[in-house]
1. Being in the same structural domain as W301 (by TED's automatic domain parsing), in contact with a Lys or Arg (Cβ under 6 Å, 6 or more places away or on another chain), surrounded by 15 or more Cβ atoms within 10 Å (Cβ to Cβ) and in contact (Cβ under 8 Å) with a residue 12 or more places away in the chain is true for just one of L152, L148. Which residue is that?
2. Right, R231: among the basic types (K, R) and in contact (Cβ under 8 Å) with a residue 60 or more places away in the chain or not?
3. Taking the condition acidic (D, E), more than 17 Å from L17 (Cα to Cα), in contact with a strand residue (DSSP E or B) (Cβ under 9 Å, 6 or more places away or on another chain) and not assigned by TED's automatic domain parsing to the domain that holds K249, does D89 pass?
4. Quick check on the stretch 274-297. Is at least one of its residues acidic (D, E) and over 21 Å from the mean Cα position of the chain (by Cα)?
5. Just name the residue that is nearest to S163 (Cα to Cα) out of those in the stretch 310-323 that are within 18 Å of the chain's Cα centre (by Cα) and buried (at least 18 other Cβ atoms within 10 Å of the Cβ).
6. Could you tell me whether any residue of the stretch 21-28 is in contact with a Phe, Trp or Tyr (Cβ under 7 Å, 6 or more places away or on another chain), outside any loop (DSSP other than H, G, I, E, B) and surrounded by fewer than 23 Cβ atoms within 10 Å (Cβ to Cβ)?
7. Which residues, counting only those in the stretch 292-303, are in contact (Cβ under 8 Å) with a residue 60 or more places away in the chain and either hydrophobic (A, V, I, L, M, F, W, C) or not assigned by TED's automatic domain parsing to the domain that holds T164 (or both)?
8. State the number of residues belonging to the stretch 234-262 that are in contact (Cβ under 8 Å) with a residue 60 or more places away in the chain and farther than 30 Å from G23 by Cα.
Amino acid sequence: MGIAKSASGVVYQIQPLEDPRWGGFLERHPRASIFHTAGWVGALRRTYGYEPIAFTTSSPDTSLQNAVVACRVDSWLTGHRLVSLPFADHCEPLVDDPTDLHAIFAALEQEVRQERSRYIELRPIYPAESSTTLCRSTCVYCFHQLDLSPALETLFRNCHKESTQRKIHRAQREALSYEEGQSEAILNTFYRLFVLTRRRHRVPPQPKSWFCNLTDCFGSALKIRIALKDRRPVAAMLTLQYKDTLVYKYGCSDPHFHNLGGVHFLFWRAIQEAKQEGLRSFDLGRSDVGDTGLITFKNRWGATRSELTYSRYASSPDPKCQFRAVVPNWKMGIARTMIPYLPDRIFTAIGTLLYKHVG
């Protein structure tokens, strides 16, 4: 356990995967999400070797009252940095008292300067600012959440009539079949569609080991859903459940069957099941502000749209520490031009090599 002392107070560094207080603390804290849990942090460590760490003002002999969790990412390509948390859509600082938040920010600043980290990146849902001498850069994303408290009939009426409702009805007419679970066969089906979708978007896929580890670490809280037409998989989605929230994390599909409404079929099925289980929120995740198609898709489910503002804090105003400034646009253009022609084994190998460095 590390201890940081400053004029702002004492801050302890703990290991969330080893501290017996962690799970109970998350259960008590109203802003804790699936991304704070040992399942997510454990899958990160298994897959990418990231070291998880949490900063808190709670001493080891007391109950845990606050924490900011992050992972140390060490990369020869992108440098040493702290990220809260890699591949998470959001990760709230679980700190309610402004004095405690100020103390933890001071410890984070000390960490950046003493460990010579390039930066620390925070991904809050709500603004969480405190005074610091570090240089700050930001990036804004769209965030959608669907309130599940209305009746199912109302949720359906709130969907876009000419798009979402029509696609759900089309899927019903097509008599799409449905499979769910975590078996190796279902995971393999999901990953085949995932690679196909990533190729279409010209982005390398995350390694299959990531999804295997997510499945192992989350157990029954993770579910893969598959839509099929005449026994052929046409769409798939992966969701996570925590407390009263269902989280949509990954989705994929075969473009040759988009007209059948398989994606909409799975989303509506997930909503129906969430209602049956008494869940209160469907987290649809983040979207790039320029991805108008995805934003429109989420809007048409009647979801509430808000902004996520990620912040990077660096010891100097280095352009390489700012968002979207690591890889020149011309290099990305060349890479994306090549992707459609790469064999699957090379395409997936690129993702396996790349994602450890970009978390």
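The values are calculated or read from the model by the stated rules, or taken from the named source; none is laboratory data. This one's a predicted model, so the numbers in the text were calculated from it and none came from an experiment. FYI the Cβ positions are ideal-geometry reconstructions off the backbone, even for glycines, and counts take in every protein chain you see.
1. Details: L152 fails: surrounded by 15 or more Cβ atoms within 10 Å (Cβ to Cβ).
The match here is L148.
2. Details: among the basic types (K, R): yes; in contact (Cβ under 8 Å) with a residue 60 or more places away in the chain: no.
Judged against the criteria, R231 is not a match.
3. Working: acidic (D, E): yes; more than 17 Å from L17 (Cα to Cα): yes; in contact with a strand residue (DSSP E or B) (Cβ under 9 Å, 6 or more places away or on another chain): yes; not assigned by TED's automatic domain parsing to the domain that holds K249: yes.
Yes, satisfied.
4. Narrowing the stretch 274-297 to residues acidic (D, E): 277, 283, 288, 291.
The next check asks that each one be over 21 Å from the mean Cα position of the chain (by Cα); those that pass are 277.
Yes: one or more hits.
5. We begin by selecting, within the stretch 310-323, every residue within 18 Å of the chain's Cα centre (by Cα); these are 310-312, 323.
This time we only want the ones that are buried (at least 18 other Cβ atoms within 10 Å of the Cβ), so: 310-312.
Numbers: Y310: 32, S311: 35, R312: 38 Å.
Of everything passing the filter in the stretch 310-323, Y310 is nearest to S163 (Cα to Cα).
6. So the first thing to find is which residues in the stretch 21-28 are in contact with a Phe, Trp or Tyr (Cβ under 7 Å, 6 or more places away or on another chain), and the list is none.
Within the stretch 21-28, none of the residues are in contact with a Phe, Trp or Tyr (Cβ under 7 Å, 6 or more places away or on another chain), outside any loop (DSSP other than H, G, I, E, B) and surrounded by fewer than 23 Cβ atoms within 10 Å (Cβ to Cβ).
7. Taking the stretch 292-303 and keeping what is in contact (Cβ under 8 Å) with a residue 60 or more places away in the chain, we get 295, 298-303.
Result: I295, W301, A303.
8. 7
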